[in-house]
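Structure first, then comments.
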Amino acid sequence: MTRLGIRAQLLLVLTVFLVLPWLGVEYARELERVLREAQDRTLAGTAQAVAIALHDRPRLFEAPQRLVAPKGGAPQDLVDAAAARPMLSAGAAAAAPELEEILQGLTRTTARIRIVDRDLGILAHAGSLKRPDADDPASRSLLDPFFSLFLSRPTEDFVDDDGSGSVPARSEILAALDGIPTTDRRSTADGRAVVVAAAYPIWVADRVRGAVLVEETTNAVLAERNRAFERLFSIVVAILLVGSIALTVYATWLSSRIRRLARDAEAAIDRDGRVLGPLPGSGARDEIGDLARSYSGVLARLAGYASYQEKLAARLSHELRTPLAVVRSSLDNLSASSMPPEARPYLGRAGEGLDRLATILARMTEAARLDEALGDAERERFDLAQVVAGCVDGYRLAYPQRPFAYAPPGGPLTVEGAPEIVAQMLDKLVENAVDFATAGAIEVALARDGEWARLTVANEGPPLPEGAGERLFEPMVSVRPQEGRTPHLGLGLAIVRIVAARHGGEASAANRSDGRGVIVTVRLPLALPRVSV
């Protein structure tokens, strides 16, 4: 299963905030809808206001003349639509100042306002659909090319006025001439802009004599929507960026504390389960600080229990020595006294059992003393090759029935530790090899392995059961046959691992490559060369 660290988890949680851009898009859409509705109402209100100002003024529609203004400009004079020459009747002449007065204020609007008669002819014209200041390059930001990828940019470069003196017969103006105020949307002639048009009828008495047509593009709405989205997008990106940095820094600090706690917990216990020391204190008033203090308390209790177990063997040996002496003296007295011959075998078996028990206590005492010696021994630099060579010479005398083969290293191998304790470790290795050997020599080899000294002891004999390589180094574990008369507690290889670990090394056991026996390997770190100052 893929491991997911705290930083990755917090960054994954941060992806929840990616919903903010979606909310921003929805907000921009809602803002656009509201602005469009407001634009519709505004244009309809403007058309109504102008129409109300022109209600019941029949002289504005009496003459056949039309008021035509230059494209995009204000009305100038009355022109005959048929002859295209100046014609001013008495009614039109009186009406012209009124239209000029009404349209004078309309030129300030951002919309285009046109007054048409029932023949769709333009009587008056004010304003323009184009905003000259809309495409100001100075108002653009550096992110405009990016936003242009998914935002439609309004443009004032469009064509919608054919320059004629009449308006097309569109639905909104036809409905207004029928007396129905109407608002509609359409695209410009070149399709580059959308125009909102509101038309309102002009009543004279009970007849519709004309209509007011107010038009405006949606460019202002689109521009406002784009500005809102750009501001919101920038804010969201800033929030995500700051949040990501803050969460990454926090997660890094948090995970570093957890890793430090894990390292301290690992360093507090060796591979054999011994508590080496307490955890460093933590004054943090949070859950990790509570966890560190909890671990420290657990380690303290484990250290106390381990100390009790380590001293238990010595205490038992001491407490059982006197009862054993009493039993042995009693058996000696019984053997010296006259007793029936049939009782002699029972007395002999009792003596053998007592000897086995004494041997067990002696080995328990030896293990306890060795553990104490490891803690009290002074460390020194010594040549491991000399220690091993001297021990092998002694084994040839101690075990004359078993040949020994020694492969020395090519030179001295300096290690740091207690040479006498290392010699006891080698004693246990050789004793174990002699017990299991069935034929051939006990092979002892010492060699340099990089920055390590590798010591191996091999014997010919039965192979190890599958999976027993690691368990051999545990106390009270033995794979030797139980029919032997000498008791074995499985403490020999356990002592080997303890000595190796106290010297910074490691011990392992495996079957030989030829399958004819077992090889036990101990690796000890070489001492660093002394630096002269």
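What does the charge add up to near residue 350, with Lys and Arg as +1, Asp and Glu as -1, over the other residues with Cβ less than 13 Å from its Cβ?
+1
Residue by residue, the stretch 223-228 carries 3J(HN,Hα) couplings of 5, 5, 4, 5, 4, 5 Hz when phi is fed to the Karplus relation 6.51 cos²θ - 1.76 cosθ + 1.60 (θ = phi - 60°); x denotes Gly or Pro.
When the alpha carbon gyration tensor of the stretch 170-278 is reduced to an equivalent ellipsoid, its three semi-axes come out at 77, 13, 10 angstrom, largest first. Each residue of the stretch 315-325 is assigned a 3J(HN,Hα), and the resulting list reads 5, 5, 4, 5, 6, 8, 5, 5, x, 5, 5 Hz, derived from the Karplus form 6.51 cos²θ - 1.76 cosθ + 1.60 (θ = phi - 60°), x at Gly and Pro. Add +1 for every Lys or Arg and -1 for every Asp or Glu among the other residues with Cβ under 10 Å from the Cβ of residue 461, and state the total. Within the 10 Å Cβ shell, the charges total 0.
Near residue 526, the amide H atoms lying under 5 Å from its own belong to 452, 453; only residues 5 or more places off or on other chains count, and H is placed 1.01 Å from N. Fewest-first ordering of 311, 130 by other beta carbons within 10 Å of each residue's beta carbon gives 311, 130.
With the highest mean first, a sort of the peptides 241-254, 208-221, 506-519 on other beta-carbon atoms found within 10 angstrom per residue produces 208-221, 506-519, 241-254. When 318, 503, 125 are arranged by Cβ crowding within 10 Å, least crowded first, meaning fewest neighbours, the order is 318, 503, 125. Taking other Cβ atoms within 10 Å as a rough exposure proxy, 360, 442, 239 sort from fewest to most as 239, 360, 442.
Sequence-distant or interchain residues sharing an amide H contact under 5 Å with residue 193, placed H: which? Counting only residues 5 or more places away or on other chains, the set is 188.
Read-outs: derived from the displayed coordinates by stated rules, not from any lab. This one's a predicted model, so the numbers in the text were calculated from it and none came from an experiment. A quick note on method: Cβ atoms are made from the backbone with ideal geometry, for glycine too, and the neighbour counts reach across all protein chains shown.
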